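Report on the structure given below.
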Amino acid sequence: MTDSVETAVRTSDRKKRGPFLEVLFRLRRSPLAMFGLTVILILIFVAVFADVLAPYTYSKQNLVHAFESSSKQFPLGTDEFGRDILSRLIYGARISLQVGFIAVGIALVAGGMLGAVAGYYGGWLDNIVMRVMDVMLSIPGILLAIAIAAALGPGLFNLMIAVGISAIPNYARIVRGSVLSIREMEFIEAAHAVGSSDLRIILKHIIPNSMAPIIVQSTLGVAYAILNAAGLSFIGLGIQPPYPEWGAMLSGGRQFIRDYPHLTLYPGLTIMITILALNFLGDGLRDALDPKLKR
């Protein structure tokens with residue numbers, strides 16, 4: 001009797017909180033997920049207010065202070081041109097997050113629509129779309145991104161396109177799998193019965209009910225996009241100097257790594273912490289959105 005009362009109270013509390021607050025409530029139970037969320041929010045704040053927070057501009061050179069170690073004037077030291085590393089990391093957060101979110105947006109829109117159409121209609125259309133996705137998946141994502149970036153040329157816009165296109169198959173497969181499990185449900189049959197068009201059913205009914213795995217994949221996908229963007233910039237196919245992208249900073253400092261390790265240490269740590277935080281957040285969201293774990 002007591003267990004049934006407690007269950008009823010918990011169900012009532014979930015209804016009062018609503019789905020969004022319920023996810024946040026359950027996400028709060030995971031310390032690692034909250035750590036990841038805190039780090040990402042801090043990075044977003046830093047990226048938005050980089051002009052205010054950075055002690056210097058990212059391109060300001062002062063050869064007199066080249067290769068300086070940490071000091072009161074330069075908390076993280078300076079690079080080979082005397083530029084403040086802290087300021088460049090702060091401005092780099094703006095570029096890296098921009099690449100991550102926009103690349104995921106490209107992959108999500110293109111892959112989501114392809115997966116939704118393939119899963120909803122099935123048949124020959126499904127076979128064609130998924131075989132193309134299989135071909136793309138047979139190529140490692142970073143190699144596909146390198147090929148696209150090499151064809152388009154270096155630059156921020158081309159970098160986002162290259163990383164976004166290389167991630168399309170992942171979203172297409174996830175959305176297709178969700179659509180296949182949803183399209184046979186009763187509320188979809190009811191929508192057909194009242195005369196809803198296929199486009200309306202896909203956009204208003206199927207995709208909203210597929211959001212849980214998409215949100216998790218998008219969170220992890222931002223980490224993947226930032227890491228790939230750093231890799232492309234490291235080999236010269238991404239952001240070009242003097243713009244401060246974390247991977248480009250790593251590439252620029254590698255030739256001085258023996259004598260001045262701080263040139264690569266701080267950009268590397270920044271990339272590592274950002275990717276770790278996004279993965280922690282993605283794992284926490286996966287658990288918070290899993291209906292099997294609702295209590």
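Values quoted throughout were computed directly from the atomic coordinates according to the rules given, and no laboratory measurement underlies them. Because the structure is a prediction, the values reported are computed rather than measured. Methodologically, a virtual Cβ is constructed for each residue, glycine included, from the backbone with ideal geometry; neighbour enumeration extends over all protein chains shown.
Whole angstrom only: what separates the Cα centroid of segment 110-142 from the Cα centroid of segment 240-270? Centre-to-centre (Cα) distance: 38 Å.
Pick from Gly123, Gly195, Gly164: which is most flexible by mean-square fluctuation in a GNM of the chain where alpha carbon atoms under 10 Å apart are linked? Ranking Gly123, Gly195, Gly164 by mean-square fluctuation puts Gly195 first.
Between helix 211-234 and the chain there is an angle of about 20 degrees, using the helix long axis and the longest principal axis of the Cα atoms.
Could you tell me how many cubic angstrom of Cα convex hull volume the chain has per residue? Before the final figure, lay out each step's value.
Details: hull volume 50.4 nm³, N = 295.
Per-residue hull volume (Cα only) is 171 Å³.
For segment 175-295, what is the Kirkwood hydrodynamic radius in Å, using each pair of distinct C-alpha atoms?
Values: mean 1/r = 0.0568 Å⁻¹.
It is 17.6 Å.
Can you give the direction-averaged projected area of the convex hull of the alpha-carbon atoms in segment 22-126, in nm²? Its Cα hull, projected and averaged over all orientations, spans 11.1 nm². With axes computed from alpha carbons, what is the tilt in degrees of helix 2-27 against the longest principal axis of the chain, rounded to the nearest 10 within 0 to 90? So the helix axis and the longest Cα principal axis differ by about 50 degrees. Sorting 271-278, 70-77 by average packing, meaning the other beta carbons within 10 Å per residue, from highest down gives 271-278, 70-77. Computed over segment 124-246, the percent of Cα pairs more than 22 Å apart is 48.
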